[in-house]
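Some notes on the structure that comes next.
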Amino acid sequence: MTTYYKCVRKEDNHYFSITGCDYELDTNLEYRIGKWTTPIIAGSNIMVFKSLEKAKRFALSYSDYCIFECEVRNPSKTGIFFWSNYDVIHKLASIAKLKRLKKAYKKYITDIDHIPDGTIFCSAVKLIKIVAEDGNESKIV
């Protein structure tokens, strides 16, 4: 089985999308250890990393982060994503508009410069165990 890594933001012992904003609870996914999480917007994907080093490099620009080893469903090198902090996507990405905008979003699937190096897209993520937190590797037993 291939190992993947998910970067999340820890807040009051809850884990959220690392790129999500507190004020956007409608698109900010909450992850639970041992439970499958799927995107809120149907047809979109969740981003993970295949390399722990690339996950760390990405997470270092955020505070209160954790990196989990995870299981994924339907991994792919391409996908549709909605990056909460990316203004153009944020303004257009509502559930009601998604079907109408899918063609417009095609250009964001593979060539957007905001996709971190080493990203893998998937349809669901299950957090397994923390492997790094706030820059410190966890002890893996």
**Request:** Would you mind counting up the charge near residue 128? Only other residues with Cβ under 12 Å from its Cβ, with Lys and Arg at +1 and Asp and Glu at -1.
**Result:** +3
**Asked** Say each of residue 3 and residue 53 gets a label point 7 Å from the Cα, pointing the same way as Cα to Cβ; how far apart are those two points in nm?
**Response** 1.4
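Laboratory data are not the source of any read-out in this text; all were calculated from the coordinates shown. As the structure is a computational prediction, the values presented were derived from the model and not from experiment. Cβ sites come from the backbone with ideal geometry, for glycine too, and all protein chains shown count toward neighbours.
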